[in-house]
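First the structure, in the form of structure tokens, and then the observations on it.
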Amino acid sequence: MIVFFVTLLLSFSLFISDAKGIESNNNTDPDNAAIAGEQIFKEKCSVCHKTTEQQLVGPGLKGVMERRDEKWVDKWLENPAGVLKSGDKTAVELKKHFFRTMPTLPEMQEPVNRKKIIEFLKTLKEGGER
């Protein structure tokens, strides 16, 4: 009986450590983060944004990381209304052009999810194929 519990405990420990390894790879490897970010984008962002220059409800996002600073994008993803309320010129211009503010998404309260989206947005280069 003790052997069974020890085996079960070791198996569980290996499973947990393997899962943590996968999570940390997604957090640090830009390629994995971009793939995960694309999935988040498809599920949460594509309703309002295109990966091209085409506008939908919000702006097309092709080349956005060439036009915006990564820190700004991170703040915007976390709290769009807060950035707008701060008087940020870019946010004010977006509001004037699109007549609305991007909603605050629960998924974007997690820094790792914002990083994944940012890594994906970096793949949408102006002259690129995406």
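The values are calculated or read from the model by the stated rules, or taken from the named source; none is laboratory data. Note that this is a predicted model, so its numbers are computed, not measured. Methodologically, a virtual Cβ is constructed for each residue, glycine included, from the backbone with ideal geometry; neighbour enumeration extends over all protein chains shown.
Points to keep in mind about this one:
- Test: V92 is among the β-branched types (V, I, T), in contact (Cβ under 8 Å) with a residue 40 or more places away in the chain and more than 17 Å from C48 (Cβ to Cβ): no
- One residue from Q39, Q54 being without any contact (Cβ under 8 Å) to a residue 24 or more places away in the chain and within 20 Å of V112 (Cβ to Cβ): Q39
- Residue in region 43-60 that is crowded, with 16+ Cβ neighbours inside 10 Å, under 14 Å from K122 (Cα atoms) and hydrophobic (A, V, I, L, M, F, W, C) present: no
- T51 being modelled with pLDDT of 95 or more and of a type in the set (V, I, T): yes
- Options E53, E93: the member that is outside any loop (DSSP other than H, G, I, E, B) and acidic (D, E): E93
- When K125, K71, K115 are checked against the criterion of being at negative phi and without any contact (Cβ under 8 Å) to a residue 40 or more places away in the chain, K71 stands alone in meeting it.
- Members of region 84-130 found to be acidic (D, E) and within 17 Å of R67 (Cβ to Cβ), listed by number: D88, E93, E119, E126
- Condition met for K125 (among the basic types (K, R) and more than 18 Å from the chain's Cα centre (by Cα)): no
- Within region 61-73, tally of residues that are part of a helix (DSSP H, G or I) and either in contact with a Pro (Cβ under 8 Å, 6 or more places away or on another chain) or surrounded by fewer than 17 Cβ atoms within 10 Å (Cβ to Cβ) (or both): 5
- Subset of region 96-130 [assigned to a loop (DSSP other than H, G, I, E, B), of a type in the set (D, E, K, R) and either in contact with a Gly (Cβ under 7 Å, 6 or more places away or on another chain) or surrounded by 17 or more Cβ atoms within 10 Å (Cβ to Cβ) (or both)]: K125, E126
- Identity of the residue in region 82-122, among the aromatic types (F, W, Y) and farther than 27 Å from A36 by Cα, that ends up nearest to the chain's Cα centre (by Cα): F98
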